[in-house]
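Have a look at this one before I ask anything.
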Amino acid sequence: MRNKFLYGLSALSALLLTWNIYKIFLVMPDELNQGAIWRIFYFHVPAAMLAMTGFGIGMGFSLAYLFTSNLRYDGIAEGVVEVSLVFAAVNLVTGSIWARIIWGVWWAWDARLTSMLVCWLIFAGYLMLRRAIEEPTQRARLSAVVSIFGAVDVVIVWKSIEWFRTIHPGPVLSVRQGGGMAPGMEALMYWNLLALLALAIVLVMVRMRQAGVSREIDSLRRLAHSY
Amino acid sequence: MLLDPLFLFLRQSFTIAAKDLRSELRTKEALNASLAFSLVILVLFSFAFDPSTDQFHDFSGGFLWLVFTFAGTLVLNRSFARELQNDCLDALVASPVPASALFIGKALANLFLLMVIEFVSLLAFAFFYDVNWTRQAWSLLLVIALGTWALTVIGTVFSALTVNLRLRELMLPTLVYPLLIPALMAAILLTTDLLGGTPIGGENLIWMKVLVAFDVIFTAVALAMMDTVLVG
């Protein structure tokens, strides 16, 4: 059952991504001011959404672990944070490529860029800490604490954007005030968000399975040593 | 009495803080290393930038806080590592003192040590780089105290968290510095303003709020989490 779901979701993600890439590159016209490079937004923005949501969900599962001491939740938290970190990296790299073309520099110390980089660093630290601890329950407990500190900090970091002068283009989606995208362009963004979300879920599920197997190996090893 | 548990908590915290300060002041391990380190960084700055230009004063807050955080990590690293010898940490955890009182006690001791180091660094900074820090002295001390409390709260929790790791000395700064960024940003901006003679109020008031909010939020999170970190 779980396998079928996983394969189905992978197929859905692959189909959607192919279709979206076809539309993004061959159907959509160039943007008036930015030319061809604006297409990068179709990956840049969904990646940011998924990364930030993922860090929040990671905190949720870390809390769930602390309340229940069930290592399964720790495995989910790890998988979610790992995948979110990849999407945060995608967001930073695509943003950087866009900035090189439009702003003329690879990096600008704008508040939103800085915030995303800080989030990336915080959760990279989370994964580094996980590698540094051998004992599974200690690892789960301490990394849950780091995840909670990190997620609380992300909110404060992100809030400071409001008080910083920013050169980042304003919000482009219509759900926020002052949206600046044509409806046809925006719909494709949500389709791509869906495709990437499906991909993210597949990746998290694969990581969860690996975490489960490694827990099993670990307990078998302990059993073998106890004889 | 209704307030008895509070008094007990405070007394336990102060006992821990007094113990930490006493053992630090007798050996002066972290204090000496940290003071020497901050002086070295202060000298290094003179090569990184031309200290005679006016532009230097625009960076003064940033320089000071870099010294404070780098030197502070040395003290914070020792905070819980000191308890590893003779299994003192196990004894502390087994004692009737709750983890939150242990945390507050350790944090107060660290705050005191860091403030001493920072004050000496500030004097050295003013001496070497011709900075007049007395124009807004009380506000400056307040900002330094609030910023240091942010550093102390996060640092003390993570000092406890990393105490049993092999790579303790490396993990602590890697985890602590990114988390501290909002507080450091606020403290740096305010310190630069105050060293330039601009009082707190108007435009920079928002950073004071950020600093206070950071302190309050993370003190609460730390108090809630300390039991999990130490005991499980």
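Any chance the stretch B:23-37 includes a residue that's within 30 Å of B:Asn204 (Cβ to Cβ) and among the polar types (S, T, N, Q)?
yes
Where in the stretch B:50-129 are there helices (runs of 4 or more DSSP H), lying fully within it, with 2 or more residues that are touching a residue at least 60 places away in the same chain (Cβ under 8 Å), within 25 Å of B:Leu141 (Cβ to Cβ) and not hydroxyl-bearing (Ser, Thr, Tyr)?
Numbers: elements: B:55-58, B:60-81, B:88-94, B:99-129.
Ranges flagged: B:55-58, B:60-81, B:99-129.
Which residues, taken from the stretch A:107-157, are of a type in the set (Phe, Trp, Tyr) and assigned to a helix (DSSP H, G or I)? It would help to see each step written out before you state the result.
Taking the stretch A:107-157 as the starting set, the residues that turn out to be of a type in the set (Phe, Trp, Tyr) are A:107, A:109, A:120, A:123, A:126, A:149.
Answer for the stretch A:107-157, where residues must be of a type in the set (Phe, Trp, Tyr) and assigned to a helix (DSSP H, G or I): A:Trp120, A:Phe123, A:Tyr126, A:Phe149.
When the residues of the stretch A:64-75 are narrowed to those that are out of contact with any helix residue (DSSP H, G or I) (no Cβ under 7 Å at 6 or more places or on another chain) and not aromatic (Phe, Trp, Tyr), which ends up farthest from the other protein chains (Cβ to nearest Cβ)?
A:Arg72
Go through the stretch B:190-208 and give me each residue that's crowded, with 19+ Cβ neighbours inside 10 Å and either more than 10 Å from every other protein chain (Cβ to nearest Cβ) or not in a helix (DSSP H, G or I) (or both).
B:Leu190, B:Thr191, B:Thr192, B:Asp193, B:Leu194, B:Leu195, B:Met208
Let me spell it out: the conditions are (1) more than 26 Å from B:Leu184 (Cα to Cα); (2) in contact (Cβ under 8 Å) with a residue 60 or more places away in the chain, and A:Ala99 meets all of them except one. Which number is the exception?
With respect to (1) more than 26 Å from B:Leu184 (Cα to Cα); (2) in contact (Cβ under 8 Å) with a residue 60 or more places away in the chain, A:Ala99 is out only on (2).
Go through (1) in contact (Cβ under 8 Å) with a residue 60 or more places away in the chain; (2) away from every other protein chain (no Cβ under 14 Å) and name the single condition B:Ala137 misses.
(1)
Then there is this: For the structure I just gave you, tell me whether B:Thr162 is buried (at least 20 other Cβ atoms within 10 Å of the Cβ) and at the interface with chain A (Cβ under 10 Å from one of its Cβ atoms).
On the way: buried (at least 20 other Cβ atoms within 10 Å of the Cβ): yes; at the interface with chain A (Cβ under 10 Å from one of its Cβ atoms): yes.
So B:Thr162 passes the test.
On to the next question. In the stretch B:209-232, which residues are surrounded by fewer than 18 Cβ atoms within 10 Å (Cβ to Cβ), within 24 Å of B:Phe63 (Cα to Cα) and more than 10 Å from chain A (Cβ to nearest Cβ)?
Correct list: B:Val212 only.
Working carefully through the options B:Val157, B:Val176, find the one that is closer than 17 Å to A:Ile148 by Cβ, in contact with a helix residue (DSSP H, G or I) (Cβ under 9 Å, 6 or more places away or on another chain), more than 8 Å from chain A (Cβ to nearest Cβ) and modelled with pLDDT of 90 or more.
Testing whether each residue is closer than 17 Å to A:Ile148 by Cβ, in contact with a helix residue (DSSP H, G or I) (Cβ under 9 Å, 6 or more places away or on another chain), more than 8 Å from chain A (Cβ to nearest Cβ) and modelled with pLDDT of 90 or more leaves just B:Val176.
Counting only residues that are more than 17 Å from B:Phe218 (Cβ to Cβ), of a type outside the set (Gly, Ala, Ser) and without any contact (Cβ under 8 Å) to a residue 12 or more places away in the chain, how many does the stretch A:122-159 have?
The total comes to 6.
Scan the stretch A:68-92 and report the pairs whose first residue is in a helix (DSSP H, G or I) and whose second residue is β-branched (Val, Ile, Thr), with Cβ atoms within less than 6 Å and a gap of 6+ or a chain change.
Listed by first residue and then by second, the contacts come to A:Gly79/A:Val204; A:Val80/A:Ile57; A:Val80/A:Val204; A:Val83/A:Val204.
The values are calculated or read from the model by the stated rules, or taken from the named source; none is laboratory data. Treat the numbers as computed from the prediction; the structure is a model and nothing was measured. Positions of Cβ are generated from backbone atoms using ideal geometry, with glycine treated the same way; all protein chains shown enter the neighbour counts.
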